[in-house]
Amino acid sequence: MLETLGAAASQALTIANFFGAALGIFLGSLLGAIPGLNGTMAIALLIPVTYTWSPLFAIAMLIGCWKGSVYGGSISAILLNAPGTPEAAATALDGYPLTRQGKAGKALKMALYASVIAAIFSDSLLMVAAPPIAALALMFGPAELAMLILFALVVVAGTGAKSQIKGLISTAMGVLLATVGLDPITTQQRFTFGSIDLDAGIGLLAMLIGLLVMSEVLIQMEEGWKEAHTEVVAQSKEPGANRVSWKELKGSLSIIFRSSLLGSFCGALPGVGSITAAFMGYDQARRLSKHPERFGKGEIKGVAAPEAANNAVCGAGLIPLVTLGIPGALSAAVIMGAFMIHGLAPGPMLMMEHPETIYGLFMLLILSDFFMLIIPLPLMKLGQWVVSVPRAYLFPVILVLCVIGAYGTHQNLFDVKVMVFFGVLGYFLKKWGLSPAALLIAFILGPMAEVYLRQALKISGGDPAIFVTKPLALLFLVLTVAMIVWTGWRHHRGKGSLDHH
Amino acid sequence: MRTKVLALMLALALVAGLAGGALAADYPKKPVKLIVNFSAGGTTDTAARLMSTAAVPVLQQALVIMNKPGAGGTLGVSHVARAKGNGYTIGTCNMPAIAIIPQIRKVPYKPFKDLVQVCAVMPYEYAIMVRGDSPWKTWEELVAYIKKNPGKVTYGSVGTGTTNHLVTARIGKELGFNWKHVPFQGGVKATAALLGGHVDVINNTTASVASSIKAGKIRVLLVTSEYPLKLAPGVPTMKQKGFKFSQISYMSIVAPAGTPQVALDKLEAAFKAATADKGVLKSCGKLDLHPKFMPGKEYQALLKKLSAEWGALLPELGVKVKK
């Protein structure tokens, strides 16, 4: 064992690998932070280049890039209300109000601390408990996943909307839009109007850039037409507005821990992903808070919760990859390609055949978590400087970046059209008090719920009893019902107390 | 006057012909775009990237890879079909995108008219697999169990209309038993469902689960592709079990129709060299991928045969066919 660790250390802990991890984090957070561009793009662009490098260097860089981009998205979400990555959509809900109050520095730092703590938590889980967690993840088959996703959908439906009914409308729109493309079970075309581009469905990243970034540019252009030459926000004069106090961090620790656990769980389950994790993290913080009314208005815990959850996905997302050869998240699937090109077929044999590589990878993972505490700091400063540039100069640049970002992921002009369509739609959604964020999460969860539900029914031969005879499925079904009842009851009680006044 | 015009036209035609010939002779003059119809990091992408490097010495130009994944590989293929047939845009192609999917739903290309097969470069290797701790040690044991418990056994495929689905369904039909099909979106999810015990059997590419097979977590019961597997020695192939068909699917290189013959020949030679390249074979071998060259004409004929064969079978296997 010690010998293996020694070999791992000598393989992993080289200046070149440190540089790789650091460069990955830098690139990831930079592309993640620029609205329009994103980390998936960074990873896709890096993959071919990494084929000629040593495996640990390449993999450390790709994982660094992934982690960096998941954090980086929060920078633009907080500063501009234009999340650079889909994972950061939930972070904007409270991060941007904090910026409007002049507390951007506080929000940015809280996002960073929450991210790093969660990343260390998740990487530690990967190192000490990968096999049992992988076994737990495997217990989730179509029936269990269908109920889990239904639960998630009920929990996060309507996040960020002005009222419950508007939240539900946003959710319904997201689910409807997600049905465009090939039917996941029969592979027949649905709502594709004869377009092969729509066969592949509406591209998530193109839609996200339009819905969250371009729409925000349109909104702010209109709002600030007269004062377009002035700064977006002034720094608050309040003491401590630019930093996270020890008290605030301590107060958020339990939320960060819960979010880390939730994020790790979402990461270990193949195909649930970091966006779901971020929204679930945000909602657990809001629902379990003594002051849920503060959320959406600049609650610092509303920044910590989603950031901890989405960063916890990375480490745990590697659990099924290294133990079973099954990538838990989209970026993990791309990283699997990097393993493969270097002749390391991910799966149960990886640990037995190349333990020194795996342990070396673990060492680099933990190391990159500490890098993450330092490397994004200059980006944060840069970001704060950028938003002090008058909007009249800033927004045209962002619009161009939106086009580049939409085109860049698949080099497909159709995606640019999708982006513009959703940019305009997002503008109206925001005007009407509907929630683009709720639409986005429904767009992601809706098709999952459909696929798993139909697969489960295929397995059972059409008998819905499968959802109550499987214990884990039943558990989440009960939780879903309880959640609906609880929400309804709280809503009712809220109204009742209003009547008394 | 008329002769002058005629002479001029002749001269022009001659120049044009010469120029055209010259153009084709020094093909390729710039890098060639290779559209990979699956996402970066997957089996097809990995194989394409390894081979494209090895094709450079013959081609004397770089191959620039672009990934256009989606819609069962048809999206990338349609991009190739739409491109100019000048030899500077080619792509990877999977068998169903030509021979099966166009019969199930509308695709914006005519599989045999808009595209030319440059050559096939790698057969995919498939097998029917069960969990390592399942009670079935051999194919016969599994068949006996299914016959005794009709409608109870489920099999996962990588999607409706894939060879994984169709061949497995056809096996059931030939042997006269009923097993339930559960389509997953890709091999990863099908494998996860098998390992978790949510489906009993899967038909999947063996390369993607090589590590689990070696570790004994997954057991191969029947090799459904044509030849025995190095990965699962001693496991019978379908042919050895008396079936008259097997799961044939190649990764091939396609070009838009109208690509000059000179360019096609050059590309074919380049990929032939790449599939025999020692470095490629070594790297692919580590991943249990086994490139093998087949001339474009031969593969085109095979595709036509497969297209007719599956076309006749689709309705019988319960797949909705395009009207």
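Evaluated with a Cβ-only charge set (Lys, Arg +1; Asp, Glu -1), the protein assembly as shown carries a dipole of roughly 1280 debye about its Cα centre, given to the nearest 20.
Extending 7 Å from the Cα toward the beta-carbon at both A:Tyr407 and A:Glu3 defines two label points whose distance is 5.7 nm.
Estimated at 0.36 nm per residue, the fully extended path between A:Ile374 and A:Leu45 surpasses their Cα-Cα distance by 116.0 nm. In terms of packing, defined here as the mean over residues of other Cβ atoms within 10 angstrom, the peptides A:161-171, A:246-256 line up highest first as A:161-171, A:246-256. For the segment A:449-461, counting C-beta atoms of other chains within 10 Å of every residue's C-beta and taking the mean gives 3. Summarising the overall dimensions of chain B from its C-alpha atoms, the Rg and Dmax are 22.4, 91 angstrom.
One quarter of the surface of the convex hull around the alpha-carbon atoms of segment A:1-125 equals 8.4 nm², the direction-averaged projected area. Partner shielding of B:103-110 amounts to 3, given as the average count of beta-carbon atoms from other chains within 10 Å of each residue beta-carbon. Pair-distance distribution of segment B:40-83: all C-alpha pairs, bin width 5 Å, starting at 0; shares per bin in whole percent are 5, 20, 23, 24, 19, 7, 1. Think of segment A:2-500 as a dipole: +1 on every Lys or Arg Cβ, -1 on every Asp or Glu Cβ, centred on the Cα centre; then among A:Gly32, A:Ala178, A:Leu80, A:Leu80 lies furthest on the positive end. Scaled against the 2.2 N^0.38 Å expected of a compact globular protein of N residues, the Cα radius of gyration of segment A:367-411 reads 1.56. Which lysines, if any, have their Cα less than 22 Å from the Cα of B:Lys148, not counting same-chain residues under 8 positions apart? Qualifying lysines at Cα under 22 Å: A:Lys458, B:Lys137, B:Lys173, B:Lys180, B:Lys241. Here r is the Cβ-Cβ distance between B:Lys282 and B:Lys239 and R0 is 22 Å; the resulting FRET efficiency, rounded to 0.05, is 0.15. Think of the protein assembly as shown as a dipole: +1 on every Lys or Arg Cβ, -1 on every Asp or Glu Cβ, centred on the Cα centre; then among B:Gln185, B:Gln103, A:Ser69, B:Gln103 lies furthest on the positive end. The separation of segment A:381-429 from segment B:35-68, counted between C-alpha centres, amounts to 31 Å. Dividing the Cα radius of gyration of segment A:376-454 by 2.2 N^0.38 Å, with N the residue count, gives 1.44.
Rg/Rh for segment A:79-162 stands at 1.09; both radii use Cα atoms, and Rh follows the Kirkwood definition.
For the peptide B:184-194, the mean number of other protein chain Cβ atoms found within 10 angstrom of a residue's Cβ is 6. For segment A:294-406, the spread of Cα coordinates along the three principal axes comes to 57, 35, 25 Å, biggest extent given first.
A crude spin-label estimate for the pair A:Leu176 and A:Ser245, with each label 7 Å from Cα along the Cβ direction, gives 4.8 nm. Inter-label distance, A:Phe191 to B:Ser246: 4.4 nm, where each label sits 7 Å from its Cα along the C-beta direction.
Helix B:2-25 and the longest principal axis of the C-alpha atoms of chain B enclose an angle of approximately 40°. Couplings 3J(HN,Hα) for segment A:76-82, derived from phi with the Karplus relation 6.51 cos²θ - 1.76 cosθ + 1.60 (θ = phi - 60°), are 6, 5, 6, 7, 10, 6, 10 Hz, where x marks Gly and Pro. Dipole orientation for the protein assembly as shown: of the candidates A:Val217, B:Ala71, A:Thr50, B:Ala71 has the Cα lying most toward the positive pole (charges on Cβ; Lys, Arg +1; Asp, Glu -1). Altogether, the Stokes-Einstein calculation at 20 °C and 1.002 mPa s, with the Kirkwood radius of segment A:323-374 over Cα pairs as Rh, returns a diffusion coefficient of 180 µm²/s. Each peptide in A:105-111, A:292-298 gets a packing score, the mean of other Cβ atoms within 10 Å over its residues, and the list from highest to lowest is A:105-111, A:292-298.
Within segment A:132-210, the chymotrypsin sites (Phe, Trp or Tyr not before Pro) that combine a DSSP coil assignment with at most 13 other C-beta atoms in a 10 angstrom radius are A:Phe191, A:Phe193. Counting only aspartates and glutamates at least 8 places from A:Lys290 when in the same chain, those with an alpha carbon closer than 19 Å to its own are A:Asp94, A:Glu248, A:Glu299. Rg and Dmax of chain A, both derived from C-alpha coordinates alone, stand at 22.0, 72 Å. P(r) tail for segment B:126-223: Cα pairs beyond 21 Å make up 22% of the total. The protection proxy used here, the mean number of other Cβ atoms lying within 10 Å of each residue, ranks peptides B:127-134, A:462-469 as follows, highest first: B:127-134, A:462-469.
The distance linking segment B:142-214 with segment A:66-84 is 41 Å (Cα centroid to Cα centroid, whole angstrom).
We did not get these values from a lab; they are worked out from the coordinates using the rules stated. Keep in mind that what you see is a predicted model, and the values were worked out from it rather than measured. Backbone-built Cβ (ideal geometry, glycine too); neighbour counts: all protein chains shown.
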